[in-house]
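The values are calculated or read from the model by the stated rules, or taken from the named source; none is laboratory data. On a predicted model such as this, the values are computed, not experimentally measured, just so you know. No Cβ is skipped: glycine too gets one built from the backbone with ideal geometry, and neighbour counts run over all protein chains shown. For the accessible areas, the whole protein counts, side chains as well, though only heavy atoms, and no ligand, DNA or RNA atoms are used. Shrake-Rupley method; radii C 1.70, N 1.55, O 1.52, S 1.80 Å.
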Amino acid sequence: MKSAVETEITKMPLLSVVIPCYNEEEVIGETIKRLKAFCSELIDLDVELIFVDDGSRDRTREYLKSFVEEDSRIRLIGFARNFGHQIAVTAGIDAACGDAVVLIDADLQDPPEVMHEMIAKWREGYDVVYGTRTERPGESAFKLSTARNFYRLLNRLSDIPIPFDTGDFRLMSRHVVDTLRAMPERDRFVRGMVSWAGFKQTALSYQRAARFAGESKYPLRKMLHFATDGILSFSTKPLQMSISLGLFSSALAFLGILYAFVVRIFTHTWVEGWAGLMIAILFLGGVQLISIGILGEYIGRIYSEVKNRPLYVVEEYLGFNQNGPEFSRSPVVKCL
Ligand code: UDP
Ligand code: MG
């Protein structure tokens, strides 16, 4: 009989693949097919596929449950409601046991086959292999240009360099995953958090495909929220900028005050200052409101951190062992 040490040595490394899904009934069947094909090509790695159902309102959950019954490598985390993509990814990372964890979208925009190259880089000793998109067919010109400008702005404001043209499609080693698990913040901008963690990181360029079916689950409102999280979680420069803006407008206002005095004392046309007065009031009012708004955004975030609610609520864990995953931030854990 093998000793415990020998068994440990001969055990194959485990790869966890985390797939967040929200209303993806149209693509999920094809996704599982492609992922299974990918798994069958792996000869020296065990795989677990962790699907996170982010409170879908279509039949995604039903489909996922049937996959869990068929295949012991498939696990399901079912959220009690929609918590958002970044939180879904976090729950998957929390539950993953793998020596490496890959994050991949359910809509097949990130081709599963690219994971082979990511694994090769990981074996070379890299801790993070992030996918850089060379082409993005099927995306609107508006999305492409806003994304480009957003990353430019983010890098200007943030002290941590965050790579351009990357999504969350990436492989992370256990070191990085453990670092992410230790990060309790609520407003999660996972790609920035991975950059922050450090370790040996490298890029891998790949061609991003068009969505296999269905529509983007990121409407403009969610994109704006995501972009604000990215900037406010990684920089306090907007606060400093509001101080500079305040100083600048005070200097202008000071000149205006001098002018008003001069006109009042040395001329007889002082009633005619109305336009200048209105401009000064409106300008200062605008600057003040912007500054208060920026402060409000930060304070709102502090408030939600202080409440310290769990990050997500899991309705069911399926396909895990009796006790569920070893780590979860959810208060409700039911296992089957
Ligand atoms: N997603 C999610 N929760 C959400 C929105 C999206 O889990 O609230 C998932 C979605 O199912 C997909 C991934 O996140 O697997 C990326 O979303 P999508 O493809 O809609 O974004 P896009 O590629 O258009 O930026
Ligand atoms: Mg997509």
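Can you name the residue in the stretch 20-55 that is basic (Lys, Arg) and farther than 21 Å from VAL89 by Cβ and, of all such residues, is surrounded by the fewest Cβ atoms within 10 Å (Cβ to Cβ)? Let's see the steps before the verdict.
Looking only at the stretch 20-55, we keep the residues that are basic (Lys, Arg), and these are 33-34, 36.
Okay, now just the ones that are also farther than 21 Å from VAL89 by Cβ, so 33, 36.
On the way: LYS33: 12, LYS36: 17.
Taking the candidates together, the pick is LYS33.
To keep it simple, each residue is scored yes or no on (1) more than 13 Å from ligand 1 (Cβ to nearest atom); (2) open to solvent by 10 Å² or more (accessible area, probe 1.4 Å); (3) more than 22 Å from GLY324 (Cβ to Cβ).
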residue: ILE74; (1), (2), (3): yes, no, no
residue: GLY78; (1), (2), (3): no, no, no
residue: LEU103; (1), (2), (3): no, no, no
residue: MET118; (1), (2), (3): yes, no, yes
residue: GLU124; (1), (2), (3): yes, yes, yes
residue: VAL129; (1), (2), (3): yes, no, yes
residue: THR134; (1), (2), (3): yes, yes, yes
residue: GLU139; (1), (2), (3): no, yes, yes
| Among the candidates ASP187, ASP165, ASP178, which residue alone is of a type in the set (D, E, K, R) and modelled with pLDDT of 90 or more? | ASP178
| Of the numbered conditions (1) surrounded by 14 or more Cβ atoms within 10 Å (Cβ to Cβ); (2) farther than 30 Å from PRO161 by Cβ; (3) without any contact (Cβ under 8 Å) to a residue 60 or more places away in the chain, SER242 satisfies every one except a single condition; which is it? | (2)
| Among all residue pairs at least 6 apart or on different chains, which show Cβ distances below 6 Å where the first residue, located in the stretch 104-116, is farther than 12 Å from LYS217 by Cβ and the second is near ligand 1 (Cβ under 8 Å from one of its atoms) and not in a loop (DSSP other than H, G, I, E, B)? | ILE104/ILE19
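One line per residue, one yes/no per condition, for (1) surrounded by fewer than 16 Cβ atoms within 10 Å (Cβ to Cβ); (2) within 16 Å of ligand 1 (Cβ to nearest atom); (3) in contact (Cβ under 8 Å) with a residue 24 or more places away in the chain:
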| site | (1), (2), (3) |
| --- | --- |
| LEU180 | no, no, yes |
| GLU185 | yes, no, yes |
| PHE189 | no, yes, yes |
| TYR206 | no, yes, yes |
| LEU220 | yes, yes, no |
| ILE231 | no, no, yes |
| Count of the stretch 56-71 residues which are assigned to a helix (DSSP H, G or I) and open to solvent by less than 50 Å² (accessible area, probe 1.4 Å) | 6
| task | Report the residue count in the stretch 108-129 for those that are out of contact with any Gly (no Cβ under 9 Å at 6 or more places or on another chain) and farther than 19 Å from GLN201 by Cα. | result | 4
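Hey, among SER291, SER330, which residue is in a helix (DSSP H, G or I), among the small types (Gly, Ala, Ser), open to solvent by less than 60 Å² (accessible area, probe 1.4 Å) and at pLDDT 75 or above?
Values: SER330 fails: in a helix (DSSP H, G or I).
Answer to the selection: SER291.
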